[in-house]
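Q: Let me begin by handing over the structure; questions about it come next.
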Amino acid sequence: MIQARLAENKIRLQPVNHYAKLKNRFDQSYILGYGGLELDEIDQAIQALVTIFK
């Protein structure tokens, strides 16, 4: 359900474990990519994340 709501809001989270040398140490940590977003879009994405994870 969370994945569907993230996709609806065009939010993509990457698990830290995907990039970490020490696997399974960051099971509940994610990276939010914001390189192609304007500042107001970052604010909107953060607000959407707050709503989704409440």
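Q: Considering amide H positions built from the backbone, and no H for Pro or chain starts, which residues 5 or more places from TYR30, or on another chain, come under 5 Å of its amide H?
A: VAL16
Q: Computed over the Cα atoms of the chain, what is the ratio Rg over Rh, Rh following Kirkwood?
A: Details: Rg = 12.3 Å, Rh = 12.2 Å.
Ratio of gyration radius to Kirkwood radius for the chain: 1.01.
Q: Got a number for carbon plus sulfur as a percent of the chain's accessible area, 1.4 Å probe? Can you show the working numbers first?
A: Numbers: 2560 of 4810 Å².
Summing carbon and sulfur atoms, their accessible area is 53 percent of the total for the chain.
Q: Might you tell me the accessible area per residue for the chain, computed with a 1.4 Å probe and given in Å²?
A: Counting only protein heavy atoms, the per-residue value for the chain is 89 Å².
Q: For n ≥ 4 DSSP H runs only, could you compute -39500 (n - 2.57) per run for the chain, divide by its residues and tell me the 222 nm figure to the nearest 500?
A: Working: 2 runs with 22 residues, N = 54.
Theoretical 222 nm ellipticity from helices: -12500 deg cm²/dmol.
Q: Under a point spin-label approximation (7 Å from Cα along Cα-to-Cβ), what is the GLU41-ARG12 distance to one decimal in nm?
A: About 1.2 nm separates the two model spin labels.
Q: How charged is the neighbourhood of ILE11? Take every other residue with its Cβ under 12 Å from the Cβ of ILE11, and add Lys/Arg as +1 and Asp/Glu as -1.
A: Counting the neighbours of ILE11, the net charge comes to +1.
The values are calculated or read from the model by the stated rules, or taken from the named source; none is laboratory data. Given the structure is predicted, the values throughout are model-derived calculations rather than measurements. Using ideal geometry, Cβ is built from the backbone for each residue, glycine included, and neighbour counts are taken over all protein chains shown. All accessible areas refer to the heavy atoms of the entire protein, side chains included, with ligands and DNA or RNA removed. Shrake-Rupley method; radii C 1.70, N 1.55, O 1.52, S 1.80 Å.
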